[in-house]
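This report refers to the structure that appears directly beneath it.
The values are calculated or read from the model by the stated rules, or taken from the named source; none is laboratory data. Fair warning: this is a prediction, and the values are worked out from it, not measured in the lab. Accessible surface is based on the protein model in full, side chains and every heavy atom, while ligands, DNA and RNA are left aside. Shrake-Rupley method; radii C 1.70, N 1.55, O 1.52, S 1.80 Å.
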Amino acid sequence: MKHIINLYESINSTARNNSDCPPVVLPEEIFFTISIVGVLENLMVLLTVIKNKNLQSPMYFFICSLAISDMLGSLYKILENILIMFRNMGYLEPQGSFETTADDVVDSLFILSLLGSICSLSVIAADRYITIFHALRYHRIVTPRRALVVLMVIWTCCMGSGITIVTFSHHVPTVIAFTALFPLMLAFILCLYLHMFLLARSHARRTSMLPRANMRGAVTLTVLLGVFIFCWAPFVLHVLLMTFCPADPYCACYMSLFQVNGVLIMCNAVIDPFIYAFRNPELRDAFKKMTFCNRF
């Protein structure tokens, strides 16, 4: 977010006086390379689902939603680097109207990536819950049409929230609301997971074992959530520390890792497609078929 970056730069000199931790600066080429890889990988996921009718089911629609979120996160950094390059070459007026508008659009992509990831993981968790405990009625409850309607509502709400957050990003209540959304949504997902696994354990004791494919999907979702928390939580913590204790030496020392936290966010988009391919045999086979068909 432009507000976060600018605020970080403005308090950096003050915080440096209170901390012995110099800011960690990473080459822009690292961000750009990881972002390109993230866009290509998630684009491949989308193309694989689109080209294979066997994968056009609600579960894979939700996976595509998460892939779009990851791709937006990578695209954000690519566009930001392009804007910086044009500004350094003199094609953009610093702090001009066009650059300000472009920054707002790019920042909206960043916020949309986070909100879309949280909502996509939530709906995938709900889908896994229904798959495990309402397997006989799953195809009547979760239809492709209903799945698409849910995704349309989710992304409409995410876009509205993203625009609102970027518009009022200079206000502290907006930053608090933005950072509070992260733990609240994750708490909901974790509670759903806990309930799901406790019921699965109880159900397995009373009856036969649950279908292995359904439990594999739940485990895959757990891995995705773990990677998401690992990659995004440091940035959310950075925003909180920068808002409430920017001059504290310990907070300033952590905030010196700002660019490292940014790399972690970019890595999330690169890791997720590998999780899909490793944990899902159908998607893995579709990847192989599409790759070999394109070669020949």
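Sort Glu28, Glu80, Glu282 by accessible area with a 1.4 Å probe, largest first. Mind dumping the intermediate values first?
On the way: Glu28 75, Glu80 30, Glu282 105 Å².
The ordering from most to least exposed comes out as Glu282, Glu28, Glu80.
Dividing the Cα convex hull volume of the stretch 120-191 by residue count, how many Å³ per residue is that?
On the way: hull volume 5.2 nm³, N = 72.
Per residue, the Cα convex hull of the stretch 120-191 comes to 73 Å³.
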